Every structure is written in C-alpha cells, then in structure tokens.
Amino acid sequence: MGRCSDYGYLFQVVLSVMSEFPKVFRIRQHFAAPRLEDVAGEVVRQLTKLRLWERVQPGQTVAITAGSRGIANHRQILQAIVQYFRQLGAEPFLVPAMGSHGGGSAEGQLAVLASYGITPETIGCPIRSSMETVIVCQTPLGFPVHFDRHAFQADHVLVVNRIKPHTRFVGPIESGLMKMLLIGLGKAEGAKIYHAAIEDYSFDEIIQAVAHELLARCRILAGLAIVENAYDQTALIEAVPPKKFAEREKQLLVLARQWMARLPFDDVDLLLVDEIGKEISGTGMDTNVIGRKFDDHKAVPGERPRIKRIAVRRLSEATHGNAVGLGIAEFCRSQILQQMDVAATRLNALTANHITAAMLPLDYPTDRQMIEVALQTIGLRPAAQARLLWIQNTLQLTELECGAAYWTEAQNRSDLEILTSPRPLPWDADGNLPSFEAMASF
C-alpha cells in the first residue's frame, strides 16, 4: 500500500507540474524595411515608364487583375491604375483573379474583394466577375490552359500581384505575376489543373509550358509587381513589360525573401496563433514563416524554424469561413469548427491539391484546455519552461509574446526590444485568453 501511495503522490506531482503554464513577455522585432511613401504616385510613375499610351488607344478595354490576398494598399494601387487608364481614354475594369477562392463562385469572389473595400464605387470602374474560362491551348505536357473569359475578350490585360515566396511551390519563381497569370486568371478550372500538375512537374516546368502561350495569345499589356517589407507595408512597385516577367520576377523574389518578416527564434515548443485566413496566406498561415513548407507537421532538415506544435484560436473574418491551413496545426479551439465553411474549405484544398490542409486538428472548447494538452506533447521539458511563442498571425510579426524560456536570449539581441517583463497568462473565468492585441495592455 505504501508503494502505491507513493506512486499516486508522484502521479499527482507530475499532473501538477504539467498543469503549469509559462510566463510570457512581449517583444518588438526591428527589421530593415524600405517603404514607399507615395504609393499612388509610384504606380503612375511606373506605368508611365512603359509608355503604355503608345499601345492603349482611347475606347479600348483594359482588364486589371484583383487577387484575394491581403495586399497592403491594394485598393489605393487599383484606384491609381484605373485613374491612369481613364486619363488615356481607355475603359478599365477589374477581373477577380483568385483561382477557386471565394467558394469558387462569381458572387463569392466579388464578396472577397468587397471585404477589402474593393467595389465598383470605391475603385471607379466595373468589376466583371465570372468563373467562365477560355481554353487558350494545350501544353506539350498534356493539359489545357484556361484563361478568364472577360480578360481574354479585353483589348489589354494588366497583371497585378505581390511578389513573395510561395507556401508550397519551390523555385526561382514562386508567387507573383506568373502565378497570377496562370492560376489567378485560370480561375477554378485552371487552378485545379496546375495544382494537379505540380504532382508530376515542377512549377518552373509548368511556367515554361504555359507562360509563353499566354503571353503570346492573351494580349498581356504589362505587369505591376509589388514587394512588401517585414511590416506588411509597400516597399517597391515596378511596372514590368511582358517579355521580362520571368527575368524580373526572379530578381524581385530575392528581395521579397530578404525583406519578409520571420519568427525571432529557431526552436519553438508551441506556437499559439490567434488567427489564420486566406487573406493572410494561401495556406492560412505562411509556411515560410512557420517552417513547414515541405511537411505539414515538421521542419525538414535545414529548414527554420523548428516548431513542435501549433495551436490556432480562430479564423479571420476576411477568410469568410475558408479554413484551409487548419490541418497544418495540431490543436485548435472548437469555435473554429463553427466558423468553418466546410464546402469552401474542401473546394480550396482539392483545387490546390493540398488535401491535408483541410484536415481537422484536435479541438478544445477553451484556450486553457487546448494549451494544457498541447504542452503535454512537447517532450520532457516542463510546461512552465516551454518555449512558447504567441502571434496574431503569420503576416503581422512585429510584436510577439514569448515564453520566459527566451528571456536571457532576448536580452542579448539588438534586433529585439523587450516591452514587458515576464507575466502570467491572464486567464478569464472561462479559461480563455484575451486577444493577442489586448495582451499589450497586460
């Protein structure tokens, strides 16, 4: 009986230790970050540089792509483009270029743009939304090339997109003008085909097979490339002639990688993410930030950071229930299952051929239960000493909450500004935490 009592006592001690939580302190990261002050003016200067008035005649139509990502100053950029073409006497209009996003419907894609404040009234031109495509040709690789019907019928097409590392594609060209040309304007059918082809060919091979045909057959006028800094601000805007899309995009991708925000530490036991969403990243949370670009649940050799567990608290409002990327997390709040639009999530995951991104993690009704269970799975490190990082989302990484395990290292880092001393997690009566933004006042 004595031995059993000892075991029982030890078991209670273990449970007590496991129920403890790390204290957290808030930091601010400092990044080198070039920034454009006059975004609209730079749009006009860049378009003027290409002497587009020599090709665009009064009365001609210009289709301008508008994607589903949360691009900084997106509305302002599109307004400046529309005004520029109006001054040339042209008839500009927007085309939602977002593959299968918005539930794969014309109405859904209009709603996505409206959530960013992009409407005919705010931009000053029509928005022609349709899921209809034209099959431009067949590639030598054996699949058809789809292109938005409204854009195909326009006199000119201006491709607008942000250049950044893709969450799954790997190569000298990832997410940018080429991806918008192929996948965004390919609508749901094109996006599905290209993502399926990734299983057999590299993105670079697909680009080589498709881009030349699109540039030759679809009256592409120019591209407007956008690069953002680590603070989610517009750092560079550049107008690119079609024949230089590939060359210049490779160079701009190098800058985008250099300027993007990152987590401050390489080894993380638990990453707590307040929100995920399609406007934040194509995979809900950016796999370039969380170190899971090649495997949904761990970093591959040489990849940083190395995160053992990820727990997600909610979906963003702007994602409209699309929970793609939730499957990359191991834990989540149960409320996400109520927020989730299952049909839209499945459609997006199937179109992107990233099935596991829509799979469900273990869910718990409160933050306390979710985090307590997650900390029991990180290995031998006591929960109170866990290397915890807490972020709002993977796009906004200027400020973070860090477990006290990072305190000594943070004090010796010139790129980190310590904003608070370590303090206990402020649970409410229901066992939940405040929002990440509200934690700044604790």
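The values are calculated or read from the model by the stated rules, or taken from the named source; none is laboratory data. Being a predicted model, the structure only gives us computed values, none of them experimental. A quick note on method: Cβ atoms are made from the backbone with ideal geometry, for glycine too, and the neighbour counts reach across all protein chains shown. Ligands, DNA and RNA are stripped out before the accessible areas are found, and what is left, the full protein with its side chains, is counted by its heavy atoms. Shrake-Rupley method; radii C 1.70, N 1.55, O 1.52, S 1.80 Å.
Membrane-span-like helices of the chain, defined as complete DSSP H segments with a Cα extent of 18 Å or more along the helix axis and a mean Kyte hydropathy of at least -1.0, are identified as 2-18, 74-87, 203-217, 245-259.
With a sphere of radius 15 Å drawn around the Cβ of ASP363, what net charge do the other residues whose Cβ falls strictly inside it have (Lys, Arg +1; Asp, Glu -1)? Please report the intermediate quantities before stating the final value.
Numbers: positive: ARG309, ARG313, ARG314, ARG333, ARG368; negative: GLU330, ASP367, GLU372.
Neighbourhood net charge equals +2.
Using bins of 10 Å that start at zero, the share of Cα-Cα pairs per bin across region 28-76 amounts to 17, 37, 32, 9, 4, 0, in whole %. The label point for ALA343 and the one for ASP204, both projected 7 Å from the Cα toward the Cβ, are 4.1 nm apart. For the chain, the solvent-accessible area with a 1.4 angstrom probe is 41 square angstrom per residue. Per residue of the chain, the DSSP helices (runs of n ≥ 4 H) give a summed -39500 (n - 2.57) that works out to -9000 deg cm²/dmol at 222 nm.
Other residues with beta-carbon under 15 Å from the beta-carbon of LEU252 carry, at +1 per Lys or Arg and -1 per Asp or Glu, a net charge of +1.
Share of the chain's accessible area from carbon and sulfur, percent, 1.4 Å? Its accessible area is 52 percent carbon and sulfur atoms. Temperature 25 °C, viscosity 0.890 mPa s: under these conditions the Stokes-Einstein estimate for region 40-108, based on its Kirkwood radius over C-alpha pairs, is 186 µm² per second. Measuring between their Cα centroids, region 178-218 and region 381-432 lie 41 Å from each other. Working from label points 7 Å from Cα in the Cα-to-Cβ sense, the GLN138 to MET359 distance is 3.6 nm. In this simple spin-label approximation, LYS244 and TRP53 carry label points 7 Å from Cα along the Cα→Cβ vector, and these lie 2.1 nm apart.
For the chain, what D do you get in µm² per second when you plug the Kirkwood radius from alpha-carbon pairs into Stokes-Einstein at 37 °C and 0.692 mPa s? Intermediate results must be reported in sequence, preceding the final value.
Working: Rh = 23.1 Å.
Translational D for this selection: 142 µm²/s.
Averaging the Cα positions of each part gives two centres, and for region 128-173 and region 325-365 these lie 27 Å apart.
Between ARG309 and LEU270, LEU271, the built amide H atoms are under 5 Å apart, and every one of these is 5 or more places off in sequence or on another chain. Here the extension length gained between GLN411 and ARG45 equals 127.3 nm, from 0.36 nm per residue of separation less the Cα-Cα distance. All other residues whose Cβ lies under 10 angstrom from that of GLU417 are scored, Lys and Arg at +1 and Asp and Glu at -1, for a net of +1. Bridges between two residues of the chain, per DSSP, are antiparallel at a rate of about 40%. Applying the Karplus relation 6.51 cos²θ - 1.76 cosθ + 1.60 with θ = phi - 60° to region 144-160 yields 3J(HN,Hα) values of x, 10, 9, 8, 3, 5, 4, 5, 5, 7, 6, 6, 9, 10, 9, 8, 10 Hz, where x marks Gly and Pro.
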